[in-house]
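First up is the structure itself, then whatever we jot down about it.
The values are calculated or read from the model by the stated rules, or taken from the named source; none is laboratory data. Treat the numbers as computed from the prediction; the structure is a model and nothing was measured. Positions of Cβ are backbone-derived with ideal geometry, glycine not excepted, and every protein chain shown enters the neighbour counts.
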Amino acid sequence: MRKNFQKLINIILDYPKWIISLVSIITIIMILFASRLEMNFSIEELFALNDPDVEKYFDFLEEFDREDNLILLMYECDDPFSYDNLFINKLLVEKFESIKGVDEVTSLSNLEIFTDGGEELLRSVYPYIPLSKDSLLEAKDRIISSELVQETLISRDGKLASFAIELNESFNNHDKRVKIVKEIDVYQNTVHWKWHQSGIPILRTRYVQLMVADTIRFLIPVAIMIVILFTVVFRSWLALLVPMSIIIMVVIWTMGLMASVQIDFNIMTYIIPTLLFIIGIGDSVHFLVKYYGTLSEVKDKRKALSQTIEKIGTAIFLTSITTSIGFGSLIRSNIDIVRQFGMMTAAGVMFAFILTVTYLPAMIMLFKQTPIKKLKSYSLGFRINILKGFIKIVRLYPKPIIAFTFLFTIFSVFGALKIDSHNSLMDDLKPGTTLYDDMMLAEKRMGAILPLELIVGINTENPSVLDDIRDPIFLDHLDMLQQYISSVEDIGKMISMVDHIKEFNRAMNDGKNEYYTIPSARSAITQTILLYGDQFNSLVNFDYSKARITGRVKDIDSKRAAEIKRDIYNYVDKNIPDYISVEITGTTFLALATNDYLVSDLTTSFIAAFILITLVMIILFKSLPITLISIIPNTIPMLAMAAMMGYFDIILRPPTAMTFAVAFGIAVDDTIHFLTRYRMELPALKWHYRLANDKTILTTGLAMITTTGILVMGFLILIFSNFTPTADFGLLAALTIFIALVCDLTFLPALLGLVKPRIDQDD
């Protein structure tokens, strides 16, 4: 095995140009693949596979119009019902309708409602815009009195109006949707009203735009930070440019791999380039620290590279494996985009390892040997003083360190018990973001913002007295159910076929409010649906076996969503006969339920990662006691992370749950590097445990604090994200990795010094 490894090292060092050429060819190919990478944000991607509720939702989409194709473009002006503003509204309706991909635009100026009198009961409120104030006021009153219009096209205070822009289903994908939204932006900006945008298409489009902005916002500062640190630490253009080129190639290879297996740039994968920039650079740091240290001793570049690859290569491989396990454990998830994130990030970590042990030494071979007098510069400065401080603390206070760590762990456990896992969908956005503020304004002024769907139909599993949903008995129950749902706290406007039937019946009876009821005769109901089918197409299925109650719900959290579902089903059990079926569906409740499911899923992934990494440590150190010693310093930071979430009200949601597996996989790297070097120093220093600790801290500690510094500062940059979960992920990962470093430089050597475990040596 060792001979084969040495042959591989010789190939790398003997044929550096071939290695570089091969890497360059692969990079060019990956660039071509990466250019095909597509952007996408679909709520459906967050749904679990083989989930019965998800299957119900897709069944709903087959029978009814989609709930996610409506843009609510709201505006504030002095008076939405004035002649001038109605005239402008009419012109904008025409412009919005001219946009390719827009099926229908409804607003105040082209609104049709049921009205008593005349040959046509359903007619335009404004066949023309009247000039007289009395006519304008009369039209306004007709609109305000229509329940179908309230909190859709006009707020209840009559000051916030909107355009309901319905997109063609074939144009409701990212690329086409972006073009539509851009055209809407252009047209709306020609009018000096105060504009607000809402609706699922807007949410999806702006999400992707924020994701792109985040990527740019992250990558540039991270790149600058790496440049500064490498310049300060190594003071060599070679030691700066080659690692930077490696990490750029890692990102390109990963993006190329994503495109080649048809994985989109989505709400999970968009952060991969930044993560790889932060994580992938660590291998180069450990390699260069070891190389420069060896070179200063042996004075020969090839010999130094050979020894570095041989000694540090194994450690880097193992740390890459553990980090990959952390990310790879996400493959267990039943959510596609989470699995994709785990697989691609794990692949990127291994790409970083491969390039570090091949491309990096190949490039060094082609450049002149660094002058010996410059080699010492990289290890000078405050880092040595910091490490000496850690040595002094460990020597003087080993037992207090262990005692303090024990108390800190207990304190962390109590904090962890306070974790809350219930969050709302809009919690993902930071207040002050235009998208967040617009959605919240819509919720406040229009009642609610997120879709809610109920499918009410004839239950085929129970004997029924009903032929179909046009039966007055069915409609009475549908009406009763709708009224109940509308009365539930946090639920906004709900609409069904009943509303249109009531409006028609009132219009048929001279507009008298006492006739705002469901006709008692089935024939009247059938006639209404026959005459005004367009009003009902989206509310009933093709064979009249199911009806739809559609509406919106406020930005509630998953706990409240579960309560609402429970209350509705309890009401159904008590008040709706068995021959009528009721199912709650829609993207909102599914997304919230998926969030809870995903948190549980990711928690299991962390446990799997913990077990796998523990097995790796057992194989590496061939000792259960030393494995336990290695795991403890990495368990403490995980508990500390949980405590921070509990004490500071950071919600446990998918990105923060994912942090546990990811941070553990990263944090254990330093422990492996520490114990690998410790195992080498212990016999060399005649089993003097204190001296072995000191030597390990002074040598490996240099690379540890450098890589940790890069990781911490890199992850902290994520706190400036537009998305709260991403910001939380960055903060938690940074603090956890920092605590892991402190544990590795204090608790671990203190424990080793007191326990004095026997460590087997490699053959």
Q. Could you say which residue among Met225, Met211 is crowded, with 21+ Cβ neighbours inside 10 Å, over 25 Å from Ile88 (Cβ atoms) and in contact (Cβ under 8 Å) with a residue 40 or more places away in the chain?
A. Met211
Q.
Quick check on Ser600: is it part of a helix (DSSP H, G or I), of a type in the set (Ser, Thr, Tyr), in contact with a Lys or Arg (Cβ under 7 Å, 6 or more places away or on another chain) and at pLDDT below 80?
A. no
Q: Report whether or not Leu425 is out of contact with any Leu (no Cβ under 9 Å at 6 or more places or on another chain) and buried (at least 21 other Cβ atoms within 10 Å of the Cβ).
A: no
Q: Please list, ordered by first then second residue, the pairs with beta carbon atoms under 7 Å, 6 or more apart or interchain, first in region 150-161 and modelled with pLDDT under 85, second assigned to a loop (DSSP other than H, G, I, E, B) and not aromatic (Phe, Trp, Tyr).
A: Gln150/Arg156; Glu151/Gly447
Q) Regarding Ser145, is this residue small (Gly, Ala, Ser) and without any contact (Cβ under 8 Å) to a residue 12 or more places away in the chain? A) yes
Q.
Looking for something assigned to a loop (DSSP other than H, G, I, E, B) and assigned by TED's automatic domain parsing to the domain that holds Ala642 - is there at least one such residue anywhere in region 391-408?
A. yes
Q. Residues in region 510-531: is at least one touching a residue at least 60 places away in the same chain (Cβ under 8 Å), closer than 19 Å to Glu112 by Cβ and within 35 Å of the chain's Cα centre (by Cα)?
A. no
Q. Among the listed residues Leu32, Leu49, Leu37, Leu91, which satisfies the condition of being at pLDDT 80 or above, over 30 Å from Asp141 (Cβ atoms), aliphatic (A, V, I, L, M) and loosely packed, with under 15 Cβ neighbours inside 10 Å?
A. Leu32
Q: Output the residues belonging to region 501-522 that are over 24 Å from Val465 (Cβ atoms) and part of a helix (DSSP H, G or I).
A: Glu503, Phe504, Arg506, Ala507, Met508, Asn513, Glu514, Tyr515
Q: Could you tell me which numbered condition Ile248 fails, if it satisfies all but one of (1) under 18 Å from Gly714 (Cα atoms); (2) in contact with a helix residue (DSSP H, G or I) (Cβ under 8 Å, 6 or more places away or on another chain); (3) at pLDDT 85 or above; (4) surrounded by fewer than 24 Cβ atoms within 10 Å (Cβ to Cβ)?
A: (2)
Q.
Please determine whether any residue of region 574-582 is surrounded by fewer than 22 Cβ atoms within 10 Å (Cβ to Cβ), touching a residue at least 60 places away in the same chain (Cβ under 8 Å), part of a helix (DSSP H, G or I) and more than 32 Å from the chain's Cα centre (by Cα).
A. yes
Q | Breaking point among (1) part of a helix (DSSP H, G or I); (2) crowded, with 17+ Cβ neighbours inside 10 Å; (3) among the polar types (S, T, N, Q); (4) assigned by TED's automatic domain parsing to the domain that holds Leu450, for Ser605 | A | (4)
